[in-house]
Every structure is written in C-alpha cells, then in structure tokens.
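Bear in mind that the values in this text are calculations on the coordinates, not laboratory data. Note that the coordinates shown come from a computational prediction; the quantities given were computed from them, not determined experimentally. For neighbour counting, all protein chains shown are included, and Cβ atoms are generated from backbone atoms with ideal geometry for every residue, glycine included.
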Amino acid sequence: MEPPVLRTARLELSAPGDDDVAAIHAECQDAAIQRLTTVPSPYLPADAQTFVDLTRAWWVEGSEATWAIRLEGRLVGMVGLAKLPSGGPEIGYWVSSRVRGHGIATEAACAVVDWGFAPERPAIERIEWRAVVGNTGSARVARSLGFRYEGLLRRAHVNSLGRSDLWIGGLLRDDDRAPVPWAVLG
C-alpha cells in the first residue's frame with residue numbers, strides 16, 4: 001500500500017522518513033511518551049531509525065498505517081492505525097509537549113479515522129482506542145472523536161518500564177461521532 005498524504009486545516013500527515021529520525025529521537029526523550037506508549041526507554045537514535053524502517057515495511061505489507069504529524073512543515077507527532085488486517089485496527093498517537101493542548105492530536109486522529117472508515121476500506125468496521133489509565137489527554141481526544149469508553153484492561157499495557165492497566169474504547173463505522181460522556185473523565 002502506498003502511503004497517502006492526509007491534509008487538515010493546519011496539518012500534513014505523511015509517512016515518516018529518514019529526514020525525520022533526529023526529530024523523532026528528540027521528541028521520544030519525553031518521559032510521558034516513554035511511559036504512556038510502547039517506545040523503548042531509553043530511546044536511542046537507532047530506535048528512531050528502526051521505527052522509520054518499520055513504518056516503510058508496514059505500509060508495504062498493509063499491516064499498519066503510520067503518519068508523521070507535521071505543523072508548518074515541522075514534525076510534531078505520530079498517528080496511526082495498527083493491526084489493519086484485523087478489520088478492527090487500533091489507533092495510536094503522540095504529540096510533542098510543545099503542541100499539547102492545541103487540538104493537534106484531535107485534528108490528526110480525526111483525519112486518520114476518516115481514512116480508516118473511507119468507503120474503499122469497507123473491511124474496517126471498528127477502530128479501537130487504548131490508553132494507560134490516567135492518560136486523560138488521550139481519552140479526551142478519543143471521546144471528542146466519538147469513541148465510546150468500553151472498560152478497563154488490567155495490566156494489558158507492556159513496555160520497557162513495566163505493565164500498566166489500560167482504558168479501552170471503540171468507534172464503529174456507523175456510530176454517531178458526537179461525543180458522549182465517559183465516566184472515567186468525570
């Protein structure tokens with residue numbers, strides 16, 4: 001599958017490339033990204049290069065769709081859908097601490113959800129969202145996109161820092177995308 005470029009009002013989403021390795025490495029030094037995602041900790045320059053190489057392979061295989069989030073030409077995050085062949089891929093995203101709270105993750109994730117549910121991908125019936133318990137920023141993004149909170153997965157998140165409980169939510173192709181209340185967000 002050829003990686004498409006997605007554009008929103010402020011953002012360009014495109015496949016990460018070798019020119020992004022230094023920026024990805026720098027952003028992944030953020031302790032929150034290391035704690036709340038599956039990136040290695042410590043995150044080395046070689047990890048960023050391996051990630052970029054993997055994203056190329058995923059696009060070719062059609063197994064995952066990963067985009068670099070670019071604001072005014074500058075990399076400010078990543079967003080993607082993992083496990084595409086399952087028909088119920090999982091959305092994931094992180095954004096730079098410099099732009100958190102400015103709607104960047106929401107804008108990028110909305111474009112990816114729209115791409116996933118486009119008519120040319122009828123096999124995708126559901127998109128799943130997961131986040132480490134307490135990651136209210138990610139939960140607010142998912143809720144704003146119409147995801148429904150579905151529960152708690154005990155010790156389901158595994159990264160180099162250990163195990164954590166996860167919140168899980170889902171969005172169906174035919175769901176009304178209007179936000180609904182989530183008990184975990186009060």
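Some observations on this one:
- Cβ-placed point charges (K, R +1; D, E -1), dipole of segment 6-185 about Cα centre in debye, nearest 20: 580 debye
- Taking a ≥ b ≥ c as the square roots of the eigenvalues of the alpha carbon gyration tensor, segment 4-106 is rounded, as a/c is under 1.5.
- Identified option (computed P(r) over Cα pairs in 10 Å bins from 0, in percent; candidates (i) 9, 38, 41, 12, 0; (ii) 8, 29, 25, 19, 11, 5, 2, 0; (iii) 9, 37, 34, 17, 3, 0): (i)
- Most fluctuating residue given options Arg70, Arg155, Arg173, as computed from a GNM of the chain linking Cα atoms under 10 Å: Arg155
- When shorter helices are ignored and each DSSP H run of at least 4 residues is given -39500 (n - 2.57), the per-residue value for the chain at 222 nm works out to -8500 deg cm²/dmol.
- Net charge of neighbours whose Cβ lies under 14 Å from the Cβ of Arg7, counting Lys and Arg as +1 and Asp and Glu as -1: -2
- Which of Ile91, Pro16, Gly73, positive extreme of dipole for the chain (C-beta unit charges): Ile91
- Most mobile listed residue (Trp67, Trp115, Trp94) in the chain, GNM with C-alpha springs under 10 Å: Trp115
- Extreme residue, positive dipole direction of the chain, given options Val184, Val60, Leu36 (C-beta unit charges): Val184
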